[in-house]
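> First, the structure itself, so that you have it in front of you.
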Amino acid sequence: MGLLSLGTPLPWEEAKKYADHVREHGITQFLSIWDKLKDRQGDELLWGDEIEYMVVVFDNEEKNAKLSLRQSEILAKLRAEEGGVSAALNRCGEPMVMPTFHPEYGRYMLESTPGAPYSGAICDLLSVEDNMRFRRHFARKYLKPNELPLTFTSFPRLGTPGVFTEPHFDPSNAVSSHSLFLPQEITNPHARFPTLTANIRERRGSKVSINLPIFIDEKTPRPFVDPTIPWHRNVYKEDHEAKDGAAKIDHIYMDAMGFGMGCCCLQLTLQSCNVNEARRTYDALVPIAPILLALTAASPIYRGYLADVDCRWNVIAGSVDDRTDEERGLKPLKKNRFRIPKSRYDSVERYISNHWTNRPEYNDHPPLYDEAIVKRLRDHGIDELLAKHIGYLFIRDPLVIFSETIDQNDEVDNDHFENIQSTNWQTIRFKPPGNASIGWRVEFRSMEVQLTDFENAAFAVFLVLLTRAILAFNLNFYLPISKVDDNMQRAQKRDAARAQKFFFRKDVFPVGQESRTPSIASSSGVSSPVDGAGNLPRKDRRLRNCYPAAPPPPQGLPHDRIEDEYEEMTLEEIMTGKGPDFPGLIGLVDAFITTLDVDASDLERIQRYLDLVRKRSTGAYKTTATWIRDFVRSHPAYKHDSVVNQEINYDLMVAVDEIERGLRKVPDLLPKEYSCPEAASGALAGLKSPQ
Ligand code: GLU
Ligand code: MG
């Protein structure tokens with residue numbers, strides 16, 4: 001979750017004195033990178049995924065599934081093997097590099113990345129699932145027999161009365177968050193995390209407060225006034241906040257960073273050919289983020305209650321919302337400089353590409369950036385769009401400052417830049433090279449993690465192929481940013497994949513392209529259409545970068561009304577197509593695949609992944625969130641009162657493990673033929689759940 005420097009972190013009262021210093025030197029550091037690397041060209045496609053796990057420990061006698069707080073011990077063992085090479089081979093016939101494991105916010109979390117980036121080779125694309133399984137298998141090796149690394153987005157019993165961690169801790173000592181529900185020990189003890197937690201609370205001037213609408217079931221009490229909130233606790237001065245209105249009726253109230261940053265996701269980072277290709281990719285992915293959030297929705301339960309939402313996004317946004325009352329518009333601006341509509345963790349605020357397809361009208365939020373910083377960047381020769389992007393990130397204060405690293409060498413260090421950059425958690429992140437050995441990158445951050453590596457690989461493969469289709473066909477997904485924000489909110493609603501419509505662009509092809517069949521950008525920069533036999537000018541053997549951007553149309557730039565460019569579509573239409581003109585995202589990926597030289601068996605594997613994504617969008621398969629909600633609602637111990645009790649949670653976690661191992665068939669969630677080579681082994685083999 002970002003930079004892990006070592007040292008002595010400053011408490012907020014001290015840290016805030018250095019905010020301008022960090023911003024000033026952060027910009028100097030960015031400019032130094034820019035000067036050195038802005039012209040960097042020709043980087044190949046290298047990419048990677050990040051998977052976050054929660055380590056769940058099963059007490060089979062008590063029938064309790066809890067979070068295991070052994071992150072540090074587990075990581076120490078996992079990291080000892082880092083850098084080595086395994087005897088297992090990937091599908092390119094190369095030995096697998098040992099995976100890298102990273103700490104995450106929750107003391108029960110692990111994060112893994114492949115030991116080496118994936119290249120554009122098709123065999124590497126097809127190694128993603130194996131790589132993910134390899135990582136899971138590797139993590140399991142260092143867990144106790146009753147522990148498992150589950151790829152589950154939000155732990156249902158986090159913050160409930162009773163025992164939800166092992167070992168158990170009382171929440172009365174939560175010195176960083178002052179939470180009523182989460183003990184201090186839920187947080188990774190590395191200084192960065194408790195300091196982030198405390199400094200967010202102190203900067204904000206109150207505890208974070210997250211209210212998710214509760215799912216009203218037949219027997220949910222109305223109005224719902226949560227009996228598990230210790231309304232009259234009196235340990236910290238903020239304890240009165242819940243009864244003073246921070247906790248809303250008919251909602252699930254959460255009051256700590258851990259409820260959000262303790263959630264798990266699936267992220268992808270891709271290297272681009274050059275800075276402009278990274279900027280085009282970034283923009284194209286902005287409208288895709290809510291679509292894939294809706295499709296990967298996997299978190300319908302919080303603090304022991306079924307919620308009326310299916311996703312983690314707003315929970316995390318609220319959980320790190322350090323804005324003061326003034327910044328949130330509750331009081332007139334006096335001490336602060338800006339009214340800020342979004343949390344630091346939120347959807348992208350501005351498009352950044354300087355390609356002609358990025359019409360100024362798409363950036364339709366009122367301008368919000370640090371003017372002095374934008375001027376400084378502009379004076380240095382940086383174009384307006386990029387300057388305003390950085391100027392927006394830099395309206396935030398740095399939250400964690402280490403006393404040892406206040407003074408840096410701005411020519412070689414970039415910690416001050418990264419301090420602000422890595423605590424701006426937008427749906428997409430534009431990543432400058434940290435040093436000369438790496439290129440300009442784009443990170444895709446909205447997806448929820450899926451129960452199996454098959455699904456995680458499917459979404460990863462789909463997204464990587466989609467980015468290639470975007471570049472190869474010069475696809476245009478631009479929508480006004482306010483509509484993308486609307487889509488983000490719709491994506492999180494209960495059953496959004498079926499029940500919601502989303503704004504999407506009607507015509508995604510380059511202006512003037514007559515044929516509705518995507519055509520690939522040739523190296524001359526002129527699009528050459530597919531011929532009648534479906535042959536393309538050249539077939540690529542691997543996924544690549546460095547496609548020419550579409551030249552401006554000879555007839556001049558388009559100036560049709562922005563409102564005419566988009567309409568509301570179902571997820572199924574967005575993914576599988578609408579009418580003769582829009583083939584859908586999967587149709588576009590399919591068209592891109594025809595430009596590749598892939599053999600039949602590889603193609604079949606790719607199609608298996610695309611088929612999962614397609615079926616999630618058509619409703620042939622449920623989303624993970626719907627499957628979880630249905631599991632709870634049909635459990636014999638569920639009383640139709642929205643409560644997910646210890647027994648249901650235990651059975652759910654057992655079921656999730658059985659699904660992952662291929663022991664429990666879920667034809668409404670996964671293909672019937674789904675299986676896991678490790679099905680026979682492991683902690684819970686043979687354990688039957690009641691359903
Ligand atoms: N766990 C966070 C999420 O679910 C992401 C943290 C990170 O940036 O790695 O979105
Ligand atoms: Mg992470």
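Rule-based calculations on the coordinates, nothing more; no lab input. In this text the structure is predicted, and so the values were computed from the model without any measurement. In this analysis, Cβ positions are derived from the backbone assuming ideal geometry, glycine residues included, and neighbour counts consider all displayed protein chains.
> Give the distance, in whole Å, between the Cα centre of the stretch 183-207 and the Cα centre of the stretch 583-632.
40 Å
> Something else now. What's the exposure ranking of Arg40, Arg344, going from fewest to most Cβ atoms within 10 Å? Working shown, then result.
On the way: Arg40 16, Arg344 22.
By the 10 Å Cβ count, ascending, the order reads Arg40, Arg344.
> Mind pulling up the Rg/Rh value for the chain? Radius of gyration and Kirkwood radius, both on Cα. Write down the numbers at each step before the final one.
Working: Rg = 24.5 Å, Rh = 25.9 Å.
Taking Rh as the inverse mean 1/r over Cα pairs, Rg/Rh reads 0.94.
> Oh, and also: Given R₀ = 22 Å, FRET efficiency for Asn435-His102 by Cβ-Cβ distance, to 0.05? Intermediate results must be reported in sequence, preceding the final value.
On the way: r = 19 Å, r/R0 = 0.86.
For R0 = 22 Å, the calculated efficiency reads 0.70.
> Could you give the length gained by full extension between Asp217 and His640, i.e. 0.36 nm per residue of separation minus their alpha carbon distance, to one decimal place? Each step should come with its number before you reach the end.
Working: separation 423, 0.36 × 423 = 152.28 nm, distance 0.55 nm.
Stretched fully, the Asp217-His640 segment lengthens by 151.7 nm.
> Something else about it: Please work out the FRET efficiency for the pair Ser482 and Asn173, using the Cβ-Cβ distance as r and a Förster radius of 41 Å; give the result to the nearest 0.05.
On the way: r = 43 Å, r/R0 = 1.05.
Using R0 = 41 Å, I get an efficiency of 0.45.
> Take the Cα gyration tensor of the stretch 199-250, multiply each eigenvalue by 5, square-root it, and list the three semi-axes largest first, rounded to whole angstrom. Intermediate values should be presented prior to the final figure.
On the way: eigenvalues 126, 35, 10 Å².
The answer is 25, 13, 7 Å, longest axis first.
> So for the chain: antiparallel DSSP bridges make up what percent, rounded to the nearest 5?
Details: 52 of 57 bridges.
If we restrict to bridges inside the chain, about 90 percent are antiparallel.
> Run the dipole for the stretch 530-614 about the Cα centre, Lys and Arg Cβ at +1, Asp and Glu Cβ at -1, nothing else charged, and hand back the magnitude in debye, nearest 20. Before the final figure, lay out each step's value.
Values: 10 positive and 17 negative charges, 125 e Å.
The dipole magnitude comes to about 600 debye.
> Where a ≥ b ≥ c are the square roots of the eigenvalues of the C-alpha gyration tensor, would you call the stretch 328-442 rounded, which needs a/c under 1.5, or, failing that, prolate if a/b is larger than b/c, or oblate? Provide the component values of the computation, followed by the final result.
Values: a/c = 1.66, a/b = 1.10, b/c = 1.52.
Because a/c hits 1.5 or more and a/b fails to exceed b/c, the stretch 328-442 counts as oblate.
> Here is a follow-up. Neighbouring Cβ atoms within 10 Å as the yardstick, rank Ile27, Ile593 fewest first.
Numbers: Ile27 24, Ile593 18.
Result, fewest neighbours first: Ile593, Ile27.
> Please find the FRET efficiency linking Arg233 to Asp581, where r is the Cβ-Cβ separation and R0 is fixed at 51 Å, and quote it to the nearest 0.05. Walk me through the numbers before you get to the answer.
Values: r = 59 Å, r/R0 = 1.16.
With a Förster radius of 51 Å, E is 0.30.
> To continue, here is another question. Express in nm, to one decimal, how much length is gained between Glu14 and Glu361 on full extension, taking 0.36 nm for each residue of separation and deducting their alpha carbon distance. Can you show the working numbers first?
Working: separation 347, 0.36 × 347 = 124.92 nm, distance 4.12 nm.
Stretched fully, the Glu14-Glu361 segment lengthens by 120.8 nm.
> Separate question: Go through Tyr53, Gln271, Ala297 and say which Cα lies farthest out towards the positive end of the charge dipole of the chain; charges sit on Cβ, +1 for Lys and Arg, -1 for Asp and Glu.
Farthest towards the positive pole: Ala297.
> Compute the projected area of the convex hull of the Cα atoms of the stretch 396-440, averaged over all viewing directions, and report it in nm² to one decimal place. The partial results should precede the final answer.
Details: hull surface 15.4 nm².
Approximately 3.8 nm², given one-decimal rounding.
> Further, regarding this structure: Does the stretch 1-80 come out rounded, prolate or oblate, given a ≥ b ≥ c as the square roots of the eigenvalues of its C-alpha gyration tensor, rounded meaning a/c under 1.5 and, failing that, prolate meaning a/b above b/c?
Numbers: a/c = 3.51, a/b = 1.60, b/c = 2.19.
Oblate, because a/c is 1.5 or more while a/b does not exceed b/c.
> Just name one of Asn146, Ser176, Pro161: the one whose Cα is farthest towards the positive end of the charge dipole of the stretch 136-190 (beta-carbon charges, Lys/Arg +1, Asp/Glu -1).
So the residue furthest toward the plus end is Asn146.
> Indicate the gyration tensor shape class of the stretch 1-135 (rounded, prolate or oblate), computed on the Cα atoms with a ≥ b ≥ c the square roots of the eigenvalues: a/c under 1.5 is rounded; otherwise a/b larger than b/c is prolate and the rest oblate. Show your work: numbers first, answer last.
Numbers: a/c = 2.78, a/b = 1.13, b/c = 2.45.
Taking the square roots of the gyration eigenvalues as a ≥ b ≥ c, the stretch 1-135 is oblate.
> Here's something else I'd like to know. Please report, largest first and rounded to whole Å, the three semi-axes of the ellipsoid equivalent to the stretch 180-221, where each semi-axis is the square root of five times an eigenvalue of the C-alpha gyration tensor.
Numbers: eigenvalues 179, 40, 11 Å².
So the three semi-axes of the stretch 180-221 are 30, 14, 8 Å.
> With charges set only on the Cβ (+1 for Lys and Arg, -1 for Asp and Glu), what does the dipole of the stretch 1-144 come to about its Cα centre, in debye to the nearest 20?
400 debye
> Right, next: Could you please rank Ser206, Ser72, Ser127, Ser446, placing first whichever residue has the fewest other Cβ atoms within 10 Å of its Cβ?
Ser72, Ser206, Ser127, Ser446
> Continuing with the same structure: Checking understanding here: applying a Kyte-Doolittle mean of at least 0.5 and a length along the axis of at least 27 Å (C-alpha), which whole DSSP H helices in the chain pass? Walk me through the numbers before you get to the answer.
Details: long enough: 453-472 (28 Å, 1.49).
Going by DSSP H runs, the hits are 453-472.
> With charges set only on the Cβ (+1 for Lys and Arg, -1 for Asp and Glu), what does the dipole of the chain come to about its Cα centre, in debye to the nearest 20? Don't skip to the answer; put the middle values down first.
Working: 86 positive and 99 negative charges, 128 e Å.
I would put it at about 620 debye.
> What whole number of Å gives the distance from the Cα centroid of the stretch 297-345 to the Cα centroid of the stretch 400-449?
Each part's Cα centre sits 22 Å from the other's.
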